[in-house]
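Only one structure is covered here, and it is reproduced in the block below.
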Amino acid sequence: MGQSTPAKERLMAQQSPSQSKSNRFQSSNAEPLLQIKDLHVHYETADGAVKAVSGVNLTLYEGERLALVGESGCGKTTLALAIMRLLKPPARIVQGEIILAGRDLLKLDEEEMRLTRLQEVALVTQAAMNALNPVMRIEDQIIDGLVDHGYEETKNTFRKRIHSLLEHVGLKANVARMYPHELSGGMKQRVGMATATALQPKLIVADEPTSALDVVVQRQVMTTLGRLQKETGASVVLVGHDMGLIAQFADKVGVMYAGKLVELSPVERIVQEPLHPYSDLLLQSVPSLEAKADRLVSIPGMPPRLIDLPPGCYFAPRCPMAMPHCTQIVPELAPTRDGRYVACHLFTEPSTTAAGEVKA
Ligand code: SF4
């Protein structure tokens, strides 16, 4: 694994010096902010259960930025919405725990969860831009959210607070009096971030927050999200597909395949030397303006049907490194000698691997 390609070299060059020095992944002794334990999410269909998330274990500490990556349908957005408890039928959380600051979110009743959203965990999505009410001024929409969480202040006090929120996301105070149609896509996304961080949540879940924006605005929005994270100390779970943006933003990367976490690594390590064959192919397939077409690698085959998963390693039918036992024994996510986590028989003895809590 870890063959150097123009794409990987470009991603390494895009990392900030502070990321390269970051060692939070391996050294944190603090209490975890978020623990996901053996989470399973199914979509119940007439043909059977579509296993969108299968036994994900994950731990995130205060102030960490985790990016979840993988092809479409790998379960990353389902996982993000499960954390928010915003999945709708036919999706169903079948098993597991999502512990945020010591409370299992799956045990809260609807009212407790409604109050927890925004107050402790907030969502920023691509759809947030279009979720703004077209006939309400921006300030009234943000005030609605605050009042909904029990805040009672004078209009002037609310306004001061909203101006400060808007400034934090790089918008002028006069945006508060505007209607959504007066704002560009990037401005609307920043309003979404201002709304999401109005109550200083401990965790921000950002689900493809930039995918509807042009490249320049994408970078501005990610810079704003990074600044907000630093200022508030919140942790971030970012769902994304642009490895360039992720390399610049994240502390660590979780690679998902067919509903499973197959690798969890500090961003600089995975960019330099991905361990899982799928991570390696994913990084090699990143397009680059400088790369010649014949050096781009595509991932062979298609992901498995989640309603009919193959035995053993789900990636085996597409894996260039597959061994005979790969199609029989499920590789569990297990720590490597350098403190990373990978679910692949190339790195662990299949007879000795065991599912365990993943600590970062
Ligand atoms: Fe490939 Fe086997 Fe590793 Fe799966 S377990 S990724 S098939 S080498």
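No value in this document is a laboratory result; all are computed from the given coordinates. Computed from a prediction, not measured in an experiment: that's the story for all the values here. Every residue, glycine among them, receives a Cβ derived from its backbone with ideal geometry; neighbour counts consider all protein chains shown.
Calculate how large, on average over all directions, the projected area of the Cα convex hull of segment 124-219 is; give the answer in nm² to one decimal.
Computed as one quarter of the Cα hull surface, the answer is 6.0 nm².
Would you mind checking the radius of gyration and Dmax of segment 218-282 based on alpha-carbon positions, in Å?
Considering segment 218-282 through its Cα atoms, Rg and Dmax are 12.6, 37 Å.
Could you list which residues have their amide H under 5 Å from that of GLN95, counting only those 5 or more apart in sequence or on another chain, with H placed in the peptide plane?
HIS40
Rg/Rh for segment 43-175: what does it come to with C-alpha atoms and Rh from Kirkwood?
Across segment 43-175, the Cα-based Rg/Rh ratio is 1.02.
Which residues' amide hydrogens lie under 5 Å from the amide hydrogen of VAL236, considering only partners 5 or more residues apart or on another chain, with H built in the peptide plane?
When sequence neighbours closer than 5 places are left aside, the close amide H contacts are GLU64, ARG65, LEU66, ILE204.
What is the log10 of I(q)/I(0) for segment 59-131, computed with the Debye formula using one identical point scatterer on each Cα and no solvent, at q = 0.11, 0.15, 0.24 Å⁻¹?
Debye curve over Cα of segment 59-131, log10 I(q)/I(0) at q = 0.11, 0.15, 0.24 Å⁻¹: -0.31, -0.59, -1.49.
Report ³J(HN,Hα) in whole Hz for each residue of segment 62-79, in order, from the Karplus equation J = 6.51 cos²θ - 1.76 cosθ + 1.60 where θ = phi - 60°; Gly and Pro get x.
So the Karplus estimates, Gly and Pro as x, are 4, x, 7, 10, 10, 10, 9, 10, x, 5, 4, x, 7, x, 5, 5, 4, 5 Hz.
Using the Karplus curve 6.51 cos²θ - 1.76 cosθ + 1.60 with θ = phi - 60°, work out ³J(HN,Hα) for each residue of segment 104-117 in order, rounded to whole Hz, and write x for Gly and Pro.
Coupling constants for segment 104-117: 7, 4, 6, 9, 6, 7, 4, 5, 4, 5, 4, 6, 5, 5 Hz.
At R0 = 41 Å, how high is the FRET efficiency between GLN119 and SER285 if r is their beta carbon distance? Nearest 0.05 is fine.
0.55
Based on alpha-carbon centroids, what's the gap between segment 306-329 and segment 146-165 in Å, whole number please?
Distance between centres, Cα-based: 54 Å.
Helix 215-232 versus the longest principal axis of the chain: what is the Cα-based angle in degrees, 0 to 90, to the nearest 10?
Its long axis makes an angle of about 80 degrees.
Treat every Asp and Glu Cβ in segment 164-287 as -1 and every Lys and Arg Cβ as +1, leave all other atoms uncharged, and give the resulting dipole magnitude about the Cα centre to the nearest 20 debye.
I would put it at about 440 debye.
Under 8 Å for C-alpha pairs, at least 6 residues apart: give me the relative contact order for the chain, rounded to a whole percent.
24 percent
Out of every Cα pair in segment 200-328, what percent are spaced more than 20 Å from each other?
Looking at segment 200-328, the distances longer than 20 Å represent 54 percent of pairs.
Which value in Å is the Kirkwood Rh of the chain over different Cα pairs?
Its Kirkwood hydrodynamic radius stands at 21.3 Å.
Give me P(r) over segment 105-173, computed from all C-alpha to C-alpha distances, binned every 10 Å, as integer percentages.
Taking all Cα pairs of segment 105-173, the binned fractions are 17, 45, 32, 6, 0 percent.
Applying 1/(1 + (r/R0)^6) with R0 = 45 Å to the Cβ-Cβ distance of ASP47 and ASP148, what FRET efficiency is obtained, to the nearest 0.05? Can you show the working numbers first?
Details: r = 39 Å, r/R0 = 0.87.
The computed FRET efficiency comes out at 0.70.
Given a 10 angstrom Cα cut-off, can you work out which residue in ALA80, ALA30, ALA196 is the most mobile in a GNM of the chain?
ALA30
Fewest Cβ neighbours within 10 Å first, please rank PHE315, PHE347 accordingly.
Going from least to most buried by this count: PHE347, PHE315.
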